[in-house]
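Okay, structure first, notes after.
None of the figures in this text is laboratory data; all of them are computed from the coordinates on show. All figures in this text were calculated on a predicted structure; none of them were measured in a lab. When we count neighbours, we look across all protein chains shown, and the Cβ atoms used for this are built from the backbone with ideal geometry, even at glycine.
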Amino acid sequence: MNDSKVYDLNNKSIMVTGGTGSFGKAFVQKTLENFSNVKIIIYSRDEMKQWDMAIKYQNNHRIKFVIGDIRDKDSLFRALDGVDLVVHAAATKIVPIAEYNPFECVKTNIEGAMNLINACIDKKIDRVVALSTDKASNPINLYGATKLAADKLFLAANSNDGSHKTKFSVVRYGNVMNSRGSVIPYFLSLKSTGILPITDERMTRFMINLDQAIELVWKSIFEMFGGEIFIKKIPSMNIIEIAKAIDPLAKIKIVGIRPGEKIHEQMIGVEDAPYTIEYDDYFKILPALHDWSKDKKRIGSGKKVPDGFVYESLSNENYMTSEFLKKWIDKNIKD
């Protein structure tokens, strides 16, 4: 029997690292709405963001705010008291900033991941879900490289010595449409100028909204054995089509590729194909360690993808149109 499929979030205590970011705020709200008596610890280092968020949840006994940095293992260890599971969203994420500040990116994304893994094992946390990125597949920038390293750390943590109970899994997704760092709010902020800067007109991106990202995290919590990378099937979009959805009359200004930026994004590389299982609306990359990728319980109802399979934004069969995105923006613009 797969005990993972009967895991219940109700009455659990969840810590969200980087919980004041776009994902964290949405995850907190949706999780409080959908699960009874769940308690959530917001763990982050920005006191102003915590203050702003605390105003929204004032007098809500289900929310606790803790100032801390994942670079500090002692702080993590204290914050994990009484916690059942962790959603790890804290990271240095902006590609050009990571390129120009590599030491800081490594400290947060790699050393911070190591601190969290060790602290969770020591505190006997049930489950840990780490948020990754499409940039971790075949990375060409430092951000992607550090997230790939972090992914490897979380996956390998399931087989440290076999004596700990903590399960670790990863979710990987693309451009989050309504997150602070995405191109959509950036273009919206420039709409009044009549000019939208495009790095390269060939560029494509995977598109996912915050609700879909949250549901993917929930799925990983419910179904994980430990060591999987969960990847939702999502549409792609050309950058010019995104610009048209924002302002079809805007002038397009080609500004060139930024340091570390890709033309197209990838979430499953050809090297991962032998370990990738396909389901109706998502993929799982199973761990190569211990032949877990051949475990029938881990595979379940899925089917192995063909040899040479690649899941990238350019060749993705599912494309989002500018008309669809415009309707979505009109509905969600207040957020």
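Quick one: net charge of Asp134's neighbours, Cβ under 10 Å, K/R +1, D/E -1? The partial results should precede the final answer.
Values: positive: Lys135, Lys147, Arg172, Arg205, Lys262; negative: Glu265, Glu312.
With Lys, Arg at +1 and Asp, Glu at -1, the neighbours total +3.
Using the Cα coordinates of the stretch 258-306, the gyration tensor eigenvalues translate into equivalent-ellipsoid semi-axes of 26, 13, 8 Å, sorted from longest to shortest.
May I ask for the net charge around Leu196, where only other residues with Cβ less than 13 Å from the Cβ of Leu196 are counted and Lys, Arg are +1 while Asp, Glu are -1? All intermediate terms of the calculation are to be shown ahead of the outcome.
Details: positive: Lys191, Lys244, Lys251, Lys253; negative: Glu201, Glu241, Asp247.
Combined, the nearby Lys, Arg, Asp and Glu give +1.
The magnitude of the dipole of the stretch 266-335, with charges of +1 and -1 set on the Cβ of Lys/Arg and Asp/Glu and taken from the Cα centre, is near 300 debye.
Filter Lys49/Lys191; Lys73/Lys294; Lys56/Lys152; Lys233/Lys331 down to the pairs with a C-alpha to C-alpha distance above 32 Å, please.
Working: Lys49/Lys191 26 Å; Lys73/Lys294 35 Å; Lys56/Lys152 36 Å; Lys233/Lys331 22 Å.
Flagged as over cut-off: Lys73/Lys294; Lys56/Lys152.
What you get for the stretch 1-67, charging only the Cβ of Lys and Arg (+1) and of Asp and Glu (-1), is a dipole of about 40 debye around the Cα centre. Only Lys, Arg, Asp and Glu carry charge here, each on its Cβ (+1 for the first two, -1 for the last two); on that basis the chain has a dipole of about 540 debye about its Cα centre. If you take the Cα centroid of the stretch 201-227 and the Cα centroid of the stretch 26-76, the two points sit 21 Å apart. Quick one: net charge of Ala250's neighbours, Cβ under 10 Å, K/R +1, D/E -1? Here the count lands on +3.
How big is the shadow of the Cα convex hull of the stretch 226-335, averaged over all directions, in nm²? Computing the convex hull of the Cα atoms and averaging its projections yields 9.8 nm².
Within the same chain, aspartates and glutamates fewer than 8 places from Lys253 are excluded, and of the rest, those with a Cα less than 18 Å from its Cα are Asp200, Glu201, Glu241, Glu261.
For the listed peptides 259-270, 236-247, a ranking on the average number of other beta carbons within 10 Å per residue, highest first, reads 236-247, 259-270. Distance between the pseudo-spin-label points of Asn332 and Ser315 (7 Å out from Cα toward the beta carbon): 2.8 nm. Report note on the peptides 288-300, 61-73: ranked by the mean count of other C-beta atoms within 10 Å, highest first, their order is 61-73, 288-300. Reported to the nearest whole Å, the Cα centre-to-centre distance from the stretch 165-195 to the stretch 82-140 is 17. Expressed in Å, the radius of gyration and Dmax of the Cα atoms of the chain are 19.7, 61. For the chain, the share of DSSP beta bridges that are antiparallel, to the nearest 5, is 30%.
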